[in-house]
Amino acid sequence: MKILHADLQRGWRGGEQQLLYLAEGLKRKGIKVCVACIKEEELFKRCKEKGIEVLPLKGNRSSDLLRLGYFGKKFDLLHAHCSKSHLVAALSKKFHGKPVVYTRRVDYTPKKDPITALKYKLTDRLVAISEAVKEVLERTFKGVKVWVIPSAVNLREIENSLDLKKVKQIRKELKGNPLIGSLAALTEQKDIPNLIRASRFVKERLKEAEFVVFGKGKLKEKLLRLIEEEGVKDFFKLYGFVKDVPNYTKALDLFVLPSKNEGLGSSILIAMALKVPVVATDVGGVREAVIDGKTGILVPPSNPKALGEAILKLTTEKGLKESLTEEAYKLVSEKFSVESMVNSYMEVYREVLK
C-alpha cells in the first residue's frame, strides 16, 4: 500500500500534528508514505526530521495541482488533510485517476458553491474527526457516508518529552499562581477575546493569576489592542509560537480552550494526557473529549463571565482538579490513542482500494 498525504496549510496546528502521527504510524507498519506539503514550512521540516519522505509544494494551486497529478500516479491513493489540499487533491484526480480520501477537522458548514460541490463529488471517502463534524457533513451532503476517526495523542512520546526542569523554568518566567492559558492559533475560530475578557473577571477575584496564550496568527495586533483596551496587559501575555508543546502545556495550572467552533480540539487531548485540568467552550466535538464535570468543565461559547466562573471554580475547589484530571487521562489513553487512529485509517484505505 502506498499513500500520498497532502497538506497545504501554512504554520503548525493540530491538523499537522495529526498527519505526522498518522504518517509515522503507517510507516511503522511497513506502508510507503509520502507527505506533500509546502517547502520549509513546519510540517515539511518535522517530516524530514522523522525520516518521512516529503514532496515539496509551493502553496500555488496551479503548480501544486500539476505536481500532485504527476506524482499521484506512483501511489495507490491520495489523502488530503485540510480544505486547501482537499481541492487540489480532488482536481488532481483527473491526471492520476487514484482514489481520494479527505479528513475534515472543522465543524462549520462547507460552502455551498460549485467548486465545493465538485471537490466533494470527486472524493471517494470522507472522514470526520468527531461525531459533530460527521453530522455537519451528512446534513450538508445528503446520502454521503462518513467515517469517524478521532484525533489522537501519543502518550508515550508526550510523557518522554517532558523536561520538568524546563517546565519549572517556564513557570518561573511567567510567574502565575495559578498560571492559566491556552495553546492556540490567533484566529477568529479560537476566540482569544473570550479569554481576554474572562481574565479581567478572574483577576478581580484571584489576584495572583496570570494568563498566557502560546501561538501565532494574523490577529496578533488586533488582540494586543484588545488587551490594552481591556486593561489586562499587566497579566495577559501573547507569548508567540512554541515548538515544545508538552512542556509549555504542562507549565499551566489550567488549560482553557475558548473557541467559537471546534472539530474536536487536539490541544485539549494533550492537556488531558498531561493531567492539566481543562475548561472549554461547548462547541463542535469538544464534548466528545470534555465530559462536563467528569473530565473537564464546559461553558457556553462567547460568554466571558461563564468562562471566568469556570476558571475560578477549577482553581479554587480542592479535590476537583485531581478527580477531573484522572478521569481525563483515563479517557485519552482508552479512546484517543495513535495506534487506534492508524488502524482505523488503514481500514478506510483497504475499503477504498477494494
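The values are calculated or read from the model by the stated rules, or taken from the named source; none is laboratory data. Because the structure is predicted, anything quoted here is derived from the model rather than measured. Neighbour counts are summed over all protein chains in view; Cβ atoms, including those assigned to glycine, are modelled from backbone coordinates with ideal geometry.
Starting from residues that are closer than 18 Å to S130 by Cβ and of a type in the set (S, T, N, Q), keep the ones in segment 78-104 and report whichever is surrounded by the most Cβ atoms within 10 Å (Cβ to Cβ).
Taking the candidates together, the pick is T103.
If I filter segment 211-226 down to residues being in a helix (DSSP H, G or I) and touching a helix residue (DSSP H, G or I) at 6+ places or on another chain (Cβ under 6 Å), which single residue comes out as nearest to D244 (Cα to Cα)?
We begin by selecting, within segment 211-226, every residue in a helix (DSSP H, G or I); these are 220-226.
Narrowing further to those that are touching a helix residue (DSSP H, G or I) at 6+ places or on another chain (Cβ under 6 Å): 223, 226.
Numbers: L223: 23, L226: 27 Å.
The extreme case among them is L223.
State whether one or more residues within segment 292-314 are within 18 Å of the chain's Cα centre (by Cα), modelled with pLDDT of 95 or more, acidic (D, E) and not in a helix (DSSP H, G or I).
The answer is no; no qualifying residue exists.
So which residues in segment 199-221 are among the charged types (D, E, K, R), surrounded by fewer than 19 Cβ atoms within 10 Å (Cβ to Cβ) and within 25 Å of A310 (Cβ to Cβ), if there are any at all?
Within segment 199-221, the subset among the charged types (D, E, K, R) is 200, 203-205, 207-208, 210, 216, 218, 220-221.
Restricting the remaining residues to those that are surrounded by fewer than 19 Cβ atoms within 10 Å (Cβ to Cβ) gives 200, 204-205, 207-208, 216, 218, 220-221.
Across segment 199-221, the qualifying residues are R200, E204, R205, K207, E208.
Every residue, every condition in (1) in a loop (DSSP other than H, G, I, E, B); (2) in contact with a Ser or Thr (Cβ under 8 Å, 6 or more places away or on another chain), yes or no:
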| residue | (1), (2) |
| --- | --- |
| K237 | no, no |
| K243 | yes, no |
| L252 | yes, no |
| G263 | yes, yes |
| I268 | no, no |
| V283 | yes, yes |
| R287 | no, no |
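Can you name the residue in segment 35-77 that is among the acidic types (D, E) and either in contact (Cβ under 8 Å) with a residue 40 or more places away in the chain or under 13 Å from G15 (Cβ atoms) (or both) and is also surrounded by the most Cβ atoms within 10 Å (Cβ to Cβ) among such residues? Steps first, please.
Start the filter on segment 35-77 by keeping residues that are among the acidic types (D, E), which leaves 40-42, 49, 53, 64, 76.
From the residues that got through so far, the ones that are either in contact (Cβ under 8 Å) with a residue 40 or more places away in the chain or under 13 Å from G15 (Cβ atoms) (or both) too are 41-42, 64, 76.
Values: E41: 19, E42: 19, D64: 26, D76: 16.
So, considering only residues that are among the acidic types (D, E) and either in contact (Cβ under 8 Å) with a residue 40 or more places away in the chain or under 13 Å from G15 (Cβ atoms) (or both), the one surrounded by the most Cβ atoms within 10 Å (Cβ to Cβ) is D64.
Can you tell me which residue within segment 183-210, out of those that are more than 19 Å from the chain's Cα centre (by Cα) and part of a loop (DSSP other than H, G, I, E, B), is nearest to W12 (Cα to Cα)?
Only one residue tops the list, namely A209.
Every residue in segment 287-339 that is of a type in the set (S, T, Y) and under 21 Å from R156 (Cα atoms), please.
Filtering segment 287-339 for residues of a type in the set (S, T, Y) gives 295, 302, 315-316, 323, 325, 329, 333, 337.
Correct list: T295, T325, Y329, S333, S337.
Using the structure shown, decide if G59 is on the phi > 0 side of the Ramachandran plot and out of contact with any Cys (no Cβ under 7 Å at 6 or more places or on another chain).
Values: on the phi > 0 side of the Ramachandran plot: yes; out of contact with any Cys (no Cβ under 7 Å at 6 or more places or on another chain): yes.
Yes, satisfied.
So for segment 4-19 (the condition being surrounded by fewer than 17 Cβ atoms within 10 Å (Cβ to Cβ), at pLDDT 95 or above and not polar (S, T, N, Q)), does at least one residue qualify? If you could, list the steps in order and put the result at the bottom.
Initially, segment 4-19 is screened for residues surrounded by fewer than 17 Cβ atoms within 10 Å (Cβ to Cβ), giving 10-11.
Still in the list and also at pLDDT 95 or above: none.
For segment 4-19, residues surrounded by fewer than 17 Cβ atoms within 10 Å (Cβ to Cβ), at pLDDT 95 or above and not polar (S, T, N, Q): absent.
Scan (1) under 23 Å from R13 (Cα atoms); (2) β-branched (V, I, T); (3) assigned by TED's automatic domain parsing to the domain that holds H81 for the single condition V144 breaks and write down its number.
(1)
Go over the candidates I149, I158 one by one and state the one that is at pLDDT 95 or above and among the β-branched types (V, I, T).
Result: I149 is the single residue among I149, I158 that is at pLDDT 95 or above and among the β-branched types (V, I, T).
Checking the condition at pLDDT below 95 and in contact with a strand residue (DSSP E or B) (Cβ under 6 Å, 6 or more places away or on another chain), which residue from C82, C37, C47 passes? Steps first, please.
Values: C37 fails: at pLDDT below 95; C47 fails: at pLDDT below 95.
Answer to the check: C82.
What are the residues in segment 15-38 that are within 21 Å of the chain's Cα centre (by Cα) and either under 19 Å from F241 (Cβ atoms) or of a type in the set (D, E, K, R) (or both), if any?
Hits for segment 15-38 are G15, E16, Q17, Q18, L19, L20, E24, C37, I38.
Given the structure, is G231 touching a residue at least 12 places away in the same chain (Cβ under 8 Å) and loosely packed, with under 15 Cβ neighbours inside 10 Å? Please lay out each step first, then the result.
Details: touching a residue at least 12 places away in the same chain (Cβ under 8 Å): yes; loosely packed, with under 15 Cβ neighbours inside 10 Å: yes.
Answer is yes for this residue.
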